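Trainee: Attaching a single structure in C-alpha cells format; questions to follow.
The values are calculated or read from the model by the stated rules, or taken from the named source; none is laboratory data. Model, not experiment: these values are computed from the prediction. Using ideal geometry, Cβ is built from the backbone for each residue, glycine included, and neighbour counts are taken over all protein chains shown.
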Amino acid sequence: MTAHPEGDQAAALASLRLDEDRDQRGVRRWKIWIPILVLVVAAAVILTTFGARLGAPSLETLTVPPPSRPQSDVLMTATGYVVARRKAAVGAKIPGRLATLGVEEGSTIRKGEVIARLESADLEAALRQSEASAQSARADLVQAQAEQVELDRELARQKSLMMAEISPRAIHEAADAAAESGQARMAALRARIGAEDAAVAYARAMLDNASVLAPFDGVVLTKDAEVGESVAPAVGGGGTTRGSMVTMADMDSLEVEADVSEANIGRLELGMPAEIVLDAFPDRPYPAIVHQIVPTADRQKATVQVKVRFTGDRAGALPEMSAKVSFLKPSALTRSGPRNLITLPASSVRLQPGGGMGGVVLVVREGVVAEVPVSLASAPREGQAEVASGLQGGEEILLSPPAGLKTGAKVRLRKPGGR
C-alpha cells in the first residue's frame, strides 16, 4: 500500500487551523461578555447604594448657629465697621526721592522709629556749607575783638595826651571814631553769627526731615510708595509724586462705628456695656462699652453714629472688618449662668423625661444620625430653646426628628422648605 505523506500533512494543517479558529471565536465571545459583566456589577452596586438611600427617610435639617447673647440680655443691636481712632498716612515733610523704606504691611513700629529715608546728599552738603559759614563768622569776630583791643588802647592813649595838651583834640576824636566803628563791626559780626547758626539749625532740620519717623506706636496697614519714587508733603497736579509712604494705625485704639436709629438713640448711654461680634469670628464675642455718641445725625439714613470701644482682648480684630454690636442691659453683667447661648427651634430638641434642663439633639454626619446630649439654659418658650452646652455651632441637626430615630440611622437631608 502506497503512503501519501503530502496528503497527511495537509490534513494535519487543516485540523490545526480549525482549532485555532475555535480558540479565536472563544476569545471574541469573552471580549463581548466582559464589558457586559462589568456593567451588571456596577449597576448592582449603584442600585444597592441608591436603594439604601432611597429607603432612608428624607428629613429637614438646620445648621446650628454660633453662640450668642440670649435675647433677654440685649437691649438692641446695630451693625458697623472696625476703625482705628488713631490712624495716619505718614509722609515726608520735604520733597525728595525715596532712598530706603524699612517696613512692610503688618510691621509693628514704635514711636520715633525710622520708617524711611530720602536721598540727602544735597542736604548734607548744605549743612556743611552752613557750618563753614558759621565758623568763618566766628573767626571774623575773634579778629575784630583783637583789633578792638588795640583801638581801645589807642583811644585811651590819645585821651591822656589830649588831657596833657600834648596831642590835639582832632587826633583823639579820630581814635574815638575808630573805636566806635570797631564796636559796630563786632555787633554786626555777632548778628551774622546768629544768622549763620540759624542757617545751620535749618540745614540740620532739613537733613533730619529726610528721615521719616513713626508718629506713634502702631502697625503698618498699607505701603503707599516704593524705593526710587518721588514723595512730597502734598500732591498737586498729579504726576508720579506720592503724598504718603505708609498708612499706619494704633491697634490699641480700635473701636466699632455703628449706626443706630434715631428712634433708639435715647436708650443708649455712655459707658453702658456692649458686645462686639465680628463677621470673621462669629463664635468669638468681644466685651465692649459705649465710648462716644456722635452729636449729629445722618439725615439720609436717619441714624446716629455710636462709637463702641473694645475693653478686653481684641485679638484678630482688624480695621474695616464688619461687626455686629449688641447693646446690653446692665443686668446682663450680673446674670449667673452661661453668657452665650445657642438658640434652636424647640422641635429640634428632645427633652429628657421629668421636665429637667437636659435633652438630646440629633446631629447628622455623612448621612448618619448621632444623638448628642445638650443642656438648656431655661425651659423652651415661644417655640425656641436656648442651649447652654453640648453644641459648638456649625453642626447639622434634624429640625423635627421622628420619635423612633436613633443613633446609627441613615437619613437623607433636605433644607427647610426643600424636598
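Trainee: Can we say Ser322 is among the hydroxyl-bearing types (Ser, Thr, Tyr), in contact with a strand residue (DSSP E or B) (Cβ under 8 Å, 6 or more places away or on another chain) and modelled with pLDDT of 95 or more? Let's see the steps before the verdict.
Mentor: Working: among the hydroxyl-bearing types (Ser, Thr, Tyr): yes; in contact with a strand residue (DSSP E or B) (Cβ under 8 Å, 6 or more places away or on another chain): yes; modelled with pLDDT of 95 or more: yes.
The answer is yes for Ser322.
Trainee: What are the residues in the range 170-204 that are over 19 Å from Leu141 (Cβ atoms) and surrounded by 12 or more Cβ atoms within 10 Å (Cβ to Cβ), if any? Steps first, please.
Mentor: Looking only at the range 170-204, we keep the residues that are over 19 Å from Leu141 (Cβ atoms), and these are 170-177, 202-204.
Once the filter is applied, which keeps residues that are over 19 Å from Leu141 (Cβ atoms) and surrounded by 12 or more Cβ atoms within 10 Å (Cβ to Cβ), the range 170-204 yields Ile171, His172, Glu173, Ala174, Ala175, Asp176, Ala177, Tyr202, Ala203, Arg204.
Trainee: Say whether the condition of being among the hydrophobic types (A, V, I, L, M, F, W, C), at negative phi and modelled with pLDDT under 90 is met by at least one residue in the range 194-210.
Mentor: No, because not a single residue in the range 194-210 is among the hydrophobic types (A, V, I, L, M, F, W, C), at negative phi and modelled with pLDDT under 90.
Trainee: Could I ask something else about it? Go through the range 343-357 and give me each residue that's within 11 Å of Glu386 (Cα to Cα) and in contact with a Leu (Cβ under 9 Å, 6 or more places away or on another chain). Please lay out each step first, then the result.
Mentor: We begin by selecting, within the range 343-357, every residue within 11 Å of Glu386 (Cα to Cα); these are 343-346, 349, 357.
Leu344, Pro345, Val349, Met357, listed by residue number.
Trainee: Go over the candidates Leu268, Leu213 one by one and state the one that is under 22 Å from Arg309 (Cβ atoms) and aliphatic (A, V, I, L, M). Before the answer, list the steps.
Mentor: Numbers: Leu213 fails: under 22 Å from Arg309 (Cβ atoms).
Selected residue: Leu268, the only one of Leu268, Leu213 that is under 22 Å from Arg309 (Cβ atoms) and aliphatic (A, V, I, L, M).
Trainee: Further question on the same structure: Looking at Ala78, is it touching a strand residue (DSSP E or B) at 6+ places or on another chain (Cβ under 6 Å) and either at pLDDT 80 or above or under 30 Å from Thr247 (Cβ atoms) (or both)?
Mentor: yes
Residue-by-condition table, conditions (1) surrounded by 16 or more Cβ atoms within 10 Å (Cβ to Cβ); (2) modelled with pLDDT under 85; (3) of a type in the set (S, T, N, Q):
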residue: Pro285; (1), (2), (3): yes, no, no
residue: Ala288; (1), (2), (3): yes, no, no
residue: Phe327; (1), (2), (3): yes, no, no
residue: Arg339; (1), (2), (3): yes, yes, no
residue: Pro345; (1), (2), (3): no, no, no
residue: Ser378; (1), (2), (3): no, yes, yes
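Trainee: Out of Arg309, Arg299, report the one residue that is modelled with pLDDT of 90 or more and surrounded by fewer than 14 Cβ atoms within 10 Å (Cβ to Cβ).
Mentor: Values: Arg309 fails: surrounded by fewer than 14 Cβ atoms within 10 Å (Cβ to Cβ).
Of Arg309, Arg299, the one residue that is modelled with pLDDT of 90 or more and surrounded by fewer than 14 Cβ atoms within 10 Å (Cβ to Cβ) is Arg299.
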